[in-house]
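Working notes, structure below.
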Amino acid sequence: MKELQEKCKKQLPETRFNEPLYKYSTFQIGGPADFFYKATDTEQLLTIIEFCKQEKIPTLFIGGGSNILFDDKGFRGFVVKIENKQIIFEDDIVVADAGVLVSILIREVMKNKLSGIEKWIGLPGTVGGAIRGNAGCNGLETKDILISASVLDTKSNKIKELKNAELNFSYRSSFLKKNTNLIVLKGTFQLEKNKMNENEQKEIMKQIMGERGKKQPYGLSAGSFFKNPSPGKSAGMLIEKAGLKGKTIGGAKISEKHANFFVNIGGASSQDIITLASIAKREVKAKFGVLLEEEVQIVKEKND
Ligand SMILES: Cc1cc2nc3c(=O)[nH]c(=O)nc-3n(C[C@H](O)[C@H](O)[C@H](O)COP(=O)(O)OP(=O)(O)OC[C@H]3O[C@@H](n4cnc5c(N)ncnc54)[C@H](O)[C@@H]3O)c2cc1C
């Protein structure tokens with residue numbers, strides 16, 4: 001390993017070794033990654049990809065870490081946090097790098113006197129994470145405003161522009177979820193001009209934040225743990241009806257406020273969360289015949 005680290009340092013001097021992953025997850029759970037890098041441009045990504053191909057090191061590309069559960073044992077491979085941050089406005093269109101936080105994008109859109117994404121207020125994570133998972137809230141999903149995404153294919157090292165239709169979006173999913181060799185580099189979004197003034201935008205955001213505060217718990221979570229099984233059926237409601245609100249395993253608890261939020265109340269291990277999730281799955285299946293599917297990405301120590 002020492003030899004490999006030396007080799008890596010020569011090509012990528014800013015690489016960190018044995019970097020704790022809990023720092024990069026809103027759950028604040030996760031052991032060390034063998035290699036860790038904050039990539040601010042495509043050149044760095046290409047160098048990492050080449051190095052990992054040559055040395056046969058597994059890779060994992062992350063954004064804001066708000067939809068991810070790392071393993072307590074960490075990740076045996078190279079974790080790359082995407083941190084490119086450029087935002088370019090062209091009339092009512094914005095091209096935002098994958099590493100831009102959604103919260104920053106909203107602020108910049110408003111500064112440019114445009115609207116169309118204020119409903120995303122309170123949505124954690126980055127543009128890249130949102131595109132990959134078709135994130136959304138308050139009736140606005142990524143698919144509704146994304147024109148195209150620029151992606152880097154780690155197999156061919158080529159950059160492709162994928163149109164909205166090619167991304168095959170569905171509820172909390174896209175073509176990119178099944179094609180993990182594609183890394184989002186940036187997204188092009190259609191915004192609105194002269195549709196809303198700043199005060200109207202602020203009013204909408206205030207209301208939304210008020211609702212979030214009422215419905216969702218504060219504390220360390222990754223948002224909704226499971227996808228809603230169908231449009232009329234909420235995973236949170238099923239878990240609640242199964243009598244699991246407040247259920248605690250070690251440092252992990254099913255929130256009293258919203259049963260689809262699994263909260264690290266202090267010192268939770270990844271196994272605590274997984275055990276709690278499997279109890280929720282088992283009980284919901286037994287009581288309602290519904291198999292819940294994880295929305296949170298569970299990252300194992302080793303790629304199978
Ligand atoms: C309190 C709270 C509230 C939330 N509310 C909502 C909500 O209302 N609606 C909603 O949809 N989600 C919600 N979430 C979940 C989360 O915010 C979204 O899923 C978000 O889009 C994840 O983005 P991220 O950058 O944090 O991704 P990460 O957690 O870093 O990564 C998630 C997955 O995407 C992959 N990925 C990340 N960046 C890239 C990239 N550039 N290219 C390719 N793959 C990439 C990772 O490998 C991983 O598999 C909430 C989370 C929290 C903590």
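The values are calculated or read from the model by the stated rules, or taken from the named source; none is laboratory data. This is a predicted model, so every value here is computed, not measured. When we count neighbours, we look across all protein chains shown, and the Cβ atoms used for this are built from the backbone with ideal geometry, even at glycine.
Numbers below:
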| quantity | calculated |
| --- | --- |
| Residues being surrounded by 13 or more Cβ atoms within 10 Å (Cβ to Cβ) and part of a helix (DSSP H, G or I) - total across the stretch 150-187 | 6 |
| Flag if Ile239 is surrounded by 15 or more Cβ atoms within 10 Å (Cβ to Cβ), aliphatic (A, V, I, L, M) and closer than 23 Å to Leu101 by Cα | no |
| Single unsatisfied condition, Thr42 versus (1) more than 19 Å from the chain's Cα centre (by Cα); (2) surrounded by 23 or more Cβ atoms within 10 Å (Cβ to Cβ); (3) farther than 21 Å from Ile145 by Cα | (2) |
| Qualifying residue in the stretch 39-46 (condition: in contact with a strand residue (DSSP E or B) (Cβ under 8 Å, 6 or more places away or on another chain), assigned to a strand (DSSP E or B) and either touching a residue at least 24 places away in the same chain (Cβ under 8 Å) or of a type in the set (S, T, N, Q) (or both)) | yes |
| Only listed residue being modelled with pLDDT of 95 or more, out of contact with any Ser or Thr (no Cβ under 8 Å at 6 or more places or on another chain), in a strand (DSSP E or B) and farther than 26 Å from Gly223 by Cα, chosen from Phe61, Phe51, Phe17 | Phe17 |
| Options Lys73, Lys81: the member that is closer than 28 Å to Ile265 by Cα and away from the ligand (no atom under 12 Å from the Cβ) | Lys73 |
| Residue pairs meeting the criteria (Cβ under 9 Å; at least 6 apart or on separate chains; first in contact (Cβ under 8 Å) with a residue 40 or more places away in the chain, in the stretch 144-162; second aromatic (Phe, Trp, Tyr)) | Ile145/Phe189; Leu146/Phe169; Leu146/Phe189; Ile147/Phe189; Thr154/Phe61 |
| Failed item, numbered, when Gly223 is tested on (1) over 18 Å from the mean Cα position of the chain (by Cα); (2) at positive phi | (1) |
| Members of the stretch 191-216 that are in a loop (DSSP other than H, G, I, E, B) and at pLDDT below 95 | Asn194, Lys195, Met196, Asn197, Gln216 |
| Hey, Val299 within 30 Å of Phe35 (Cβ to Cβ), among the β-branched types (Val, Ile, Thr) and in contact (Cβ under 8 Å) with a residue 40 or more places away in the chain or not | yes |
| Checking Lys143 against (1) more than 23 Å from Leu60 (Cβ to Cβ); (2) within 8 Å of the ligand (Cβ to nearest atom); (3) not aromatic (Phe, Trp, Tyr), the condition it does not meet | (2) |
| Selected residue [closer than 28 Å to Ser174 by Cβ, in contact (Cβ under 8 Å) with a residue 24 or more places away in the chain and out of contact with any Cys (no Cβ under 6 Å at 6 or more places or on another chain)] from Leu244, Leu220 | Leu220 |
| Yes/no for Gln190 being within 15 Å of the ligand (Cβ to nearest atom) and either surrounded by fewer than 17 Cβ atoms within 10 Å (Cβ to Cβ) or closer than 22 Å to Leu69 by Cβ (or both) | no |
| From the options Ser234, Ser173, Ser221, residue that is small (Gly, Ala, Ser), touching a strand residue (DSSP E or B) at 6+ places or on another chain (Cβ under 8 Å) and within 27 Å of Gln28 (Cβ to Cβ) | Ser221 |
| Test: Gly128 is buried (at least 17 other Cβ atoms within 10 Å of the Cβ), under 21 Å from Tyr171 (Cα atoms), more than 10 Å from the ligand (Cβ to nearest atom) and of a type outside the set (Val, Ile, Thr) | no |
| Hits in the stretch 65-94 - residues which are part of a strand (DSSP E or B) and touching a helix residue (DSSP H, G or I) at 6+ places or on another chain (Cβ under 7 Å) | Leu69, Phe75, Phe78, Val79, Val80, Lys81, Ile82, Ile87, Val94 |
